[in-house]
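For reference, the structure is listed below as structure tokens.
The values are calculated or read from the model by the stated rules, or taken from the named source; none is laboratory data. Model, not experiment: these values are computed from the prediction. Quick reminder, even Gly has a Cβ in these numbers, built from the backbone with ideal geometry, and neighbours come from all protein chains shown.
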Amino acid sequence: MINVTLRQLRYFDALARHGHFGRAAEACAISQPALSMQIKEMEEVLGSLLLERSARQIALTTFGEELLLRVRDILRSVDELGDFARATRDRLAGRLRVGMIPTVAPYLLPKVIENLARLHPELDIHVRETLTAKLITEVAEGRLDTAIVALPASEPSLTEIALFRENFLLVRPGEQEGTPVPSRETLREMKLLLLEEGHCFRDQALSFCNMRASPPREVLDASSLSTLVQMVGAGIGVTLIPEMAVDVETRSASVSVARFKNPQPSRTIGMVWRKTSPLARQLLQISDVVCLSAGKKRGRPISELASRRVTA
């Protein structure tokens with residue numbers, strides 16, 4: 001009988017994710033020598049090397065790569081045992097791991113946490129803010145229970161629930177207050193400031209401006225909406241931001257905000273979780289709290305929205 005412990009499986013998974021003994025040990029809250037010893041013991045029990053070690057980096061062996069897929073299936077199943085037990089309770093309680101994209105988290109998260117603490121005080125909420133692609137992967141692998149992202153996520157293993165739609169607004173230098181709002185075609189000729197590659201909001205803004213087929217004449221990138229708005233205030237260009245970000249991001253910048261003519265550009269904000277998650281009923285309750293926090297009513301089923309992109 002092969003005696004590999006669950007702890008060793010978690011250490012191996014962390015090492016594969018971080019690709020570095022020191023970072024993996026930190027993530028597992030143990031010392032690097034202790035982690036190294038556990039991995040070595042795991043290799044001895046299995047009778048095969050899991051890693052190719054060098055002075056600067058590590059890489060999984062072919063056996064290690066094949067084993068990792070099975071290890072993650074095991075860990076996901078073990079985690080879902082706890083979720084299954086929690087799902088039998090009448091109240092929402094215990095750990096809840098939630099992911100949010102950066103163009104949502106700063107504006108929605110404080111209210112969500114406040115309402116969850118008030119309505120479900122026994123929840124232990126852990127929040128992860130990162131880009132959509134990483135959130136989708138982490139939900140699918142069981143490292144997050146759910147994530148709040150712009151839909152569609154288009155991941156077959158996940159359930160998608162539409163929460164609400166929000167419009168994009170145009171941010172211009174303050175001296176342009178009251179001037180005509182540019183059309184989509186005119187906007188393509190302006191100096192447009194956008195989030196850097198990897199942000200879904202960037203793709204949505206480019207889609208509205210119909211800039212996918214041919215690159216814009218002049219586009220500048222930033223890592224946050226706050227930086228974009230400050231750049232606009234400095235007279236560098238114009239940008240689009242989601243409506244929920246307007247109050248926070250424009251209060252200290254010399255800018256003007258305008259709405260586009262109908263139909264306005266917009267996005268659908270929703271929640272995703274694994275189709276196999278035993279917490280599906282509880283996560284639906286959480287989705288109601290998110291909508292409450294945003295001052296919205298939950299949107300239509302995602303089947304009605306999955307084929308939609310940013311409104312043009």
Elements of type helices (runs of 4 or more DSSP H) in segment 139-238, at least 1 residues being outside the structural domain of A14 (by TED's automatic domain parsing) and modelled with pLDDT of 90 or more = 225-233
State whether the residues of segment 118-135 include one that is touching a residue at least 60 places away in the same chain (Cβ under 8 Å) and either part of a strand (DSSP E or B) or of a type in the set (G, A, S) (or both).
-> yes
Looking at segment 228-286, which of the residues that are surrounded by fewer than 16 Cβ atoms within 10 Å (Cβ to Cβ) and under 23 Å from K134 (Cβ atoms) is nearest to the chain's Cα centre (by Cα)?
-> K275
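Give, as residue ranges, the helices (runs of 4 or more DSSP H) completely inside segment 1-74 that count at least 1 residues that are more than 25 Å from E138 (Cα to Cα).
Qualifying helices (runs of 4 or more DSSP H): 32-46.
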Out of curiosity, is D73 at pLDDT below 90, on the phi < 0 side of the Ramachandran plot, in contact with a Leu (Cβ under 6 Å, 6 or more places away or on another chain) and surrounded by 12 or more Cβ atoms within 10 Å (Cβ to Cβ)?
-> no
Considering segment 33-67 alone, what residues qualify as being of a type in the set (D, E) and over 32 Å from the mean Cα position of the chain (by Cα)?
-> E41, E43, E44
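Can you tell me how many residues in segment 239-279 are outside any loop (DSSP other than H, G, I, E, B) and in contact with a strand residue (DSSP E or B) (Cβ under 7 Å, 6 or more places away or on another chain)?
22
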Hey, could you check segment 96-148 for residues that are within 27 Å of E249 (Cα to Cα) and among the acidic types (D, E) and say which is farthest from the chain's Cα centre (by Cα)?
-> E114
Hey, can you tell me all the residues within segment 283-296 that are more than 19 Å from E141 (Cα to Cα) and either touching a residue at least 12 places away in the same chain (Cβ under 8 Å) or not in a loop (DSSP other than H, G, I, E, B) (or both)?
-> L284, Q285, I286, S287, D288, V289, V290, C291, L292, S293, A294, K296
